[in-house]
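K.L.:
My questions will all concern the structure given below.
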Amino acid sequence: IAAFILSSCAASPEQMAMQAEYNRTIPTCSNENQCKIMWESAQIWISNNTGYRIQTATDAVIQTFGPIGYSTNLAARISKEPTGQNSYRFPIFLGCANAFGCIPNAMKSAIQFNAC
């Protein structure tokens, strides 16, 4: 039983590949206008693709309410992280309150966010 529990915690090759793709595709911007447009697009993406309303939207963070209970709905947090002069990256963190997983899948949704 212990071996099963420990092996279920290990990341599968598919999970590792999705994490690598997510890390490789985190959105970045390199000028003020591009960053403004991408930040506004991130807020719209969260509104359209998560199960909770936006709780906080500042120049540095967009965060939804939740997750609550045992819900499979996605909650989100995006930060605007400086990477240099007038350049930023926008990592998204998605999750839910259900131990069996989120609907839709949090990592797949993060990769979809990165592709927008």
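The values are calculated or read from the model by the stated rules, or taken from the named source; none is laboratory data. The model shown is predicted, which means the values in this text are computed figures rather than measured ones. Virtual Cβ from ideal backbone geometry, glycine too; neighbours counted across all protein chains shown. Side chains are part of the model used for accessible areas, which takes the heavy atoms of the whole protein and leaves out ligands, DNA and RNA. Shrake-Rupley method; radii C 1.70, N 1.55, O 1.52, S 1.80 Å.
K.L.:
Per the Debye formula with a single identical scatterer at each Cα and no solvent contribution, what log10 I(q)/I(0) holds for the chain at q = 0.11 Å⁻¹?
P.N.:
These q points yield log10 I(q)/I(0) values of -0.41.
K.L.:
Could you identify which residue out of Pro27, Pro82, Pro13 has the top mean-square fluctuation in a GNM of the chain using Cα springs shorter than 10 Å?
P.N.:
Of Pro27, Pro82, Pro13, the Gaussian network model singles out Pro13 as fluctuating most.
K.L.:
If R0 is 30 Å, what FRET efficiency do you get for Asn33 and Ala11 from their C-beta distance, rounded to 0.05?
P.N.:
Numbers: r = 38 Å, r/R0 = 1.28.
Using R0 = 30 Å, I get an efficiency of 0.20.
K.L.:
Pick from Ile37, Ile62, Ile46: which is most flexible by mean-square fluctuation in a GNM of the chain where alpha carbon atoms under 10 Å apart are linked?
P.N.:
In the Gaussian network model the winner is Ile37.
K.L.:
Also, quick follow-up: By the scheme Lys and Arg +1, Asp and Glu -1, what is the net charge of all other residues having a beta-carbon under 11 Å from that of Cys35?
P.N.:
On the way: positive: Lys36, Lys80, Arg89; negative: Glu32, Glu40, Asp59.
Neighbour charge sum, excluding Cys35 itself: 0.
K.L.:
For a quick check, take a GNM of the chain with Cα springs below 10 Å and name the residue from Tyr22, Tyr52, Tyr70 with the largest mean-square fluctuation.
P.N.:
For the chain, modelled as a Gaussian network with Cα springs under 10 Å, the answer is Tyr70.
K.L.:
Roughly what would the spin-label model give for Gln55 and Asn98, points 7 Å off Cα along C-beta, in nm?
P.N.:
Calculated label separation equals 2.0 nm.
K.L.:
Please calculate how many Å² of accessible area the chain carries per residue, with a 1.4 Å probe and no DNA, RNA or ligand atoms counted. Can you show the working numbers first?
P.N.:
Details: 7490 Å² over 116 residues.
That works out to 65 Å² per residue.
K.L.:
Summing +1 for each Lys or Arg and -1 for each Asp or Glu, what net charge is found among the other residues whose Cβ lies under 15 Å from the Cβ of Glu81? Numbers along the way, then the final one.
P.N.:
Values: positive: Arg77, Lys80, Arg89; negative: Asp59.
Spelling it out: positives minus negatives among the neighbours equals +2.
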